[in-house]
Amino acid sequence: MSEQGLRPARMWPADVVRVGGYGLRSRPTRVFLSALGIAIGIAAMIGVVGISTSSTKELDQQLSALGTNLLTVSPGQSLGDESVHLPDSAVGMIAGMPGVETVSAVGRTDARIYRNDHIAAEQTGGIAVFAARTDLPAVVRTSVATGTWLTTANARYPAVVLGRAAADRLAVFRAGPDSLVWLGGEWFTVVGILAPDELVPDLDNGAFVGWPVAETDLDFDGHPTTIYTRARENAVTTVQPLLGPTANPENPGDVDVSRPSDALAAKQQTEKTLSGLLLGLGAVALLVGGVGVANTMVISVLERRSEIGLRRSLGATRGQIRTQFLSEALLLSLLGGVGGVVLGVGITAVYATYQAWPTEVPFWAMAGGVGATLVIGGLAGFYPAVRAARLPPTEALANA
C-alpha cells in the first residue's frame, strides 16, 4: 500500500464537535458541576458590569434631567465668632452676570417646626426652616409630589412646603387645608410636599415658607444662605469662579461656590471602585471554575485510557487525540460561559427593575465573558489533552 493510502483520516470541525460532545454527554453530572463553576464566575462578572452600567445610565439620565449647570453660593466659614452673611443684593448681582440663566435663593431662619404644639422644644427632628423664593423649583428643577409650591398669593401667609424627609419625620402624608404644623409659635398650613431630590438632597430635610412671611412672623433677617444659579452649559466654567466676587465683592473669600452634580459624579466614581473590587472577585471565581475544568479533564483522561488506546490502535494520531480532549474542554467552558452570561444578564435585569433603573449590559462584557471562558478552557484542557496524546496505545490498553 502506498504512503498516500496510510494517511490518517482528517477530522473536520463537525467531527471535532461531535467527538468532543460525546465525551461531555457520557458524564452529564460532572459536566454540569464543572460548567456551573464557570457559569458562577462569568455571572458574577457580567452582573457587576451590568449593574454598574445600569446605575451609570440611571445617573446620566438624572443629570440630563436635573442638569450639570446648577451652581450654589453660600457663606463661607468665619475664622472668629462673627457670623458670615451674603449681602441682600447678592441675588440681584448674580442675576445680572453674563452666562447666568436663572437665580433663586433660600434663607435659613431660627424658627422650629413641630407636628403640634405639644411637642417638647428640643425635639426638632433636625428639620430646618427656610425662607424660600417662589421661583426655587424652576431653578433647582425639583418637583412637588403632592400639593403646590409657594406662590405670590400665599407667600405672605402662614403656608409651608415640606421636603420629603421632613414630611416623613412630621408624619405629614398629604397637603391640604387640614394639614397643619406648629411653626415658629403658630399654625402653618402644609400646602405642598416635595419629591425626593437627588441633585440637592438638602431640600429633603427642610421646611419652606414664603420670604415675606418669614420676615414678618419669623424674625428672618433677609440674608440668603444658599443661592441657586443656573448657568448656560457652555458658560459653567466661566461663571463658577466669578460667583464669589459677584455675590460679595467686599469679601469674596467668605463665599463658598459648589456644583452639586460633582457630588453625584464622585458617588459614581466610588461605585466604580467598588465594582472593580467585585469584578476582581468574579475573576477569582472564574479561575476557580477553570481549575474545576482542568480537574474534570484530567480525571476524564484517566478514566478513558482504554478508549484512547483503542483509538490509537485503530490509527488515530496524537494530534487527533489531543484535539478531541481539547475540544471537550472548550465545549465544557463554552457551555459554562454561555450559561453564565444568561445568568448574569438575568441578575442585572432583576436588580435594575427592582431599582427602577434602565437595564444596560454592554455587549463587550458578554462577548468578553464568553471569550474569557474559552481562554480558561483552552488553558485548563491543554495539559490533559497533551497527556492523553502522549499515552502509548499498548500501555493504555494494558492498564484499562
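The numbers here are math on the coordinates, done by the rules we state, and not lab data. Computed from a predicted model, the values in this text were never measured in an experiment. Every residue, glycine among them, receives a Cβ derived from its backbone with ideal geometry; neighbour counts consider all protein chains shown.
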Residues whose modelled amide H sits under 5 Å from the amide H of A128, counting only those 5 or more places away in sequence or on another chain, are A207
Taking placed amide H atoms and a strict 5 Å upper bound, the residues 5 or more places from T225 or on another chain that come that close are V106, G107, R108
For R133, other-chain or 5+-apart residues with amide H closer than 5 Å (H placed, Pro excluded) are A105
Scattering profile of segment 69-259 from the Debye formula, Cα beads only, expressed as log10 I(q)/I(0) at q = 0.17 Å⁻¹, is -1.08
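Could you line up M366, M93 from fewest to most neighbouring Cβ atoms inside 10 Å? Please list the in-between numbers first.
Working: M366 21, M93 17.
Starting with the residue having the fewest Cβ neighbours, the order is M93, M366.
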Ranked on Cβ counts within 10 Å of their own Cβ, fewest leading, S104, S74 go S74, S104
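Could you please rank F382, F173, F208, placing first whichever residue has the fewest other Cβ atoms within 10 Å of its Cβ? Walk me through the numbers before you get to the answer.
Values: F382 16, F173 11, F208 27.
Least crowded to most crowded, the residues run F173, F382, F208.
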